[in-house]
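Read through the structure below, which is laid out as structure tokens, and then see the notes.
Bear in mind that the values in this text are calculations on the coordinates, not laboratory data. Since the structure is predicted, the reported quantities are computational estimates derived from the model, not experimental observations. Note that each Cβ is placed from the backbone with ideal geometry, even for glycine, and that neighbours are counted across all protein chains shown.
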């Protein structure tokens, strides 16, 4: 994780709190949750990536009360200036149903939907929803069994 720490230090800010997901991209570029588990728990190296979707604090300023669309605009600007290959901005999509269908097709874990005008809320609330795909659960059922051994 030393390379990832170096990449995060390249963000042009005194301090920043990102909301995102640590991923281990598979050969096709899609996040591979099981390779991430192996890297974390079995000390197997590899190329980690961070997919950032929200910016909660920047240089001591609490951004959580601002609308998501504004926080994402600031995050995009920040990551563009960092220019680090393992830091990725998660794009926003207008058609959640099409995005979920694409996630099913590619056997990704799921989709998180957030209201663009909402402030940041941790925990369950009405402003965001995570929907997991059936394809991911079915595809990875056997992988869970193998990993647990």
- request: Set the Förster distance to 22 Å, then compute FRET efficiency between residue 14 and residue 73 from the Cβ-Cβ distance, nearest 0.05.
  value: 0.65
field: Net lengthening on full extension, residue 5/residue 113 (0.36 nm per residue, minus Cα-Cα)
entry: 36.1 nm
message: Need one number: nm distance between label points at residue 91 and residue 106, each 7 Å from Cα along Cα→Cβ, rounded to one decimal.
response: 0.9
- line: In nanometres, the difference between 0.36 nm per residue of separation and the alpha-carbon distance of residue 138 and residue 57 is 25.5 nm
